[in-house]
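Worksheet: one structure, shown below.
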Amino acid sequence: MRASPLPLAGLALCLLGFSPGTRADEDPAAAAFLAGDYPAAQRLLETEIQSGQARGSRSLLLGRVYFLQEMWAKAAESLAAHVARDPDDPQARELLGRALFRLGRLQEALPLCREAVRETGRPELRLELAEVLVGLGFPAEAVPQLKQVLLDVRPWPRAHYLLGSLRLESGLGHWASRDLWAALRLGSPEPDLRWKLAQAFQSEARITGALLRVGPIPDGKAGDRTEDHVLVRSAGAGVWYAASADTALYQVETVLAAIPDPPEAVRLLAAQCWLSAGEPDAAAAALAGVRTHTVARFALLVEIALARRDLAGLRVLLTPDPAGPPQDPELRARQLLAAALLAEESSDAPAALEFLQESDRILPGRSETLRSLVEVLARLDRKEEAAAAARRLALLHPDSPEVHLLARRRGVDLEAIERDQAPLWKDDDPQDPAQDPDAGPVAK
């Protein structure tokens, strides 16, 4: 005679650690648990355990009840007591590791989470192991765990978010943007997701797609969706900017629209995106909310002034300020050179000379600065200074025909430079003390 299969309730009780003969109608706590009445199950189990008459498996069931009610500390305490009595119980060890992870006790959770993944390989346990590894500073170990999760269960927003975040930190903008975008499309609730996605698109140089001007749109708001585009920001007078949804510009503007007082880092990125989209006025508006004087803010101010062709503003910005933030000499020299080129295009030779001289003062002897300096000085009919700059350039590039031509045009005596640079002795001249084997020690 074939044995009758266990009823569903009996099978569930067996999975919870009860003996096969246990019946739910004989165990009120188990019945309440199976019915989803966790507070009732908790009261019954606590009373039974406090009476001292409880079986050992009751602490495991109580731990489950606590866990399902998100009472992590009590769950960990009950499960730890059960594991102390039965250290080989895999269900208790797995659940204890999960409770410890939620309490932030990552070092204690790590071996239990590793063990649970080895035993079962369930995606949710693998994801929690990855989170523990990330929290303990082992991103290289977390990445393969997250990739396996996505192979097992592809549409998992939390796994996409974590993997994208790790790739962003590693500088892999392209791969980070793919995972973070997937997390966004899957409805991940992470509060910094759009901000990270904006950073990923920015690092990938996907600042914006086809930036469109649309309008007027009555009562439009940032982030409003229409059939053909996504609105991102009002430009005043009923005109709105629109861009495709998978752009840094859209992401960062959505962040700005959603946060009453967004962090300055978000405003800085917004300004950079608008500037890259060819909208310096919108960039300046985004940067207006950044009050902290940093090198990044200053660099954006200079770029905005260059885009606006604002020579007066550049003069103010690029005037040395001892009270300002410390500047990278390389960056400042490049900014001054860009300002000088703008001044030359605007036929403002005195301003160009001012910027070039300051650039040469900060980083002397740069060939791109000297070339422009020679031309500007010649245009201002300052022949002797132009010749001096050309001579410096010729000394930097003694073998360049182009430099030789420029220097000769400015009256530089290249033959004299060659004579001045010639060695005092030739290598095979026996009068050179360093080459004469019979000479005594060379005086130092």
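The values are calculated or read from the model by the stated rules, or taken from the named source; none is laboratory data. Being a predicted model, the structure only gives us computed values, none of them experimental. Counting neighbours? That spans all protein chains shown, and the Cβs are built from the backbone with ideal geometry, glycine included.
When you go through Glu279, Glu330 one by one, which is the residue that is touching a strand residue (DSSP E or B) at 6+ places or on another chain (Cβ under 9 Å), farther than 22 Å from Pro350 by Cα and among the charged types (D, E, K, R)?
Glu279 is the lone residue from the list that is touching a strand residue (DSSP E or B) at 6+ places or on another chain (Cβ under 9 Å), farther than 22 Å from Pro350 by Cα and among the charged types (D, E, K, R).
Assuming Arg178 fulfils every condition listed in (1) among the charged types (D, E, K, R); (2) at pLDDT below 75; (3) buried (at least 16 other Cβ atoms within 10 Å of the Cβ) apart from one, which condition is it?
(2)
Specify which of the listed residues (Ala343, Ala394, Ala351) is in contact with a Lys or Arg (Cβ under 8 Å, 6 or more places away or on another chain), in contact (Cβ under 8 Å) with a residue 12 or more places away in the chain and assigned to a helix (DSSP H, G or I).
Ala351
When the residues of the range 98-115 are narrowed to those that are buried (at least 19 other Cβ atoms within 10 Å of the Cβ) and in contact (Cβ under 8 Å) with a residue 24 or more places away in the chain, which ends up farthest from Lys74 (Cα to Cα)?
The selected residue is Leu110.
Looking only at residues in the range 358-377 that are basic (Lys, Arg) and within 19 Å of Leu318 (Cα to Cα), which one is surrounded by the most Cβ atoms within 10 Å (Cβ to Cβ)?
If we take residues in the range 358-377 being basic (Lys, Arg) and within 19 Å of Leu318 (Cα to Cα), then Arg366 is surrounded by the most Cβ atoms within 10 Å (Cβ to Cβ).
With respect to Leu380, determine if the residue is surrounded by fewer than 18 Cβ atoms within 10 Å (Cβ to Cβ), hydrophobic (A, V, I, L, M, F, W, C) and more than 43 Å from the chain's Cα centre (by Cα).
yes
If you check Leu68 against the conditions, is it touching a residue at least 12 places away in the same chain (Cβ under 8 Å), of a type outside the set (Lys, Arg) and under 12 Å from Leu95 (Cβ atoms)?
So Leu68 passes the test.
Are any residues in the range 29-68 in a helix (DSSP H, G or I), over 44 Å from the mean Cα position of the chain (by Cα) and under 20 Å from Arg98 (Cα atoms), and if so, which ones?
Across the range 29-68, the qualifying residues are Phe33, Gln42, Arg58, Ser59.
Can you pull out the helices (runs of 4 or more DSSP H) entirely within the range 92-204 that have at least 1 residues that are more than 30 Å from Thr254 (Cβ to Cβ) and under 18 Å from the mean Cα position of the chain (by Cα)?
Where helices (runs of 4 or more DSSP H) fall fully within the range 92-204 and carry at least 1 residues being more than 30 Å from Thr254 (Cβ to Cβ) and under 18 Å from the mean Cα position of the chain (by Cα), they are 139-152.
Can you find a residue that is under 28 Å from Glu330 (Cα atoms) and either part of a loop (DSSP other than H, G, I, E, B) or at pLDDT below 70 (or both) anywhere in the range 424-436?
no
Of the residues Ala416, Ala387, only one is at pLDDT 85 or above and either within 30 Å of Leu314 (Cβ to Cβ) or more than 51 Å from the chain's Cα centre (by Cα) (or both); which?
Going through Ala416, Ala387 in turn, the sole match is Ala387.
Please enumerate the residues belonging to the range 129-145 that are without any contact (Cβ under 8 Å) to a residue 24 or more places away in the chain and surrounded by fewer than 17 Cβ atoms within 10 Å (Cβ to Cβ).
Across the range 129-145, the qualifying residues are Gly137, Phe138, Ala140, Glu141, Pro144.
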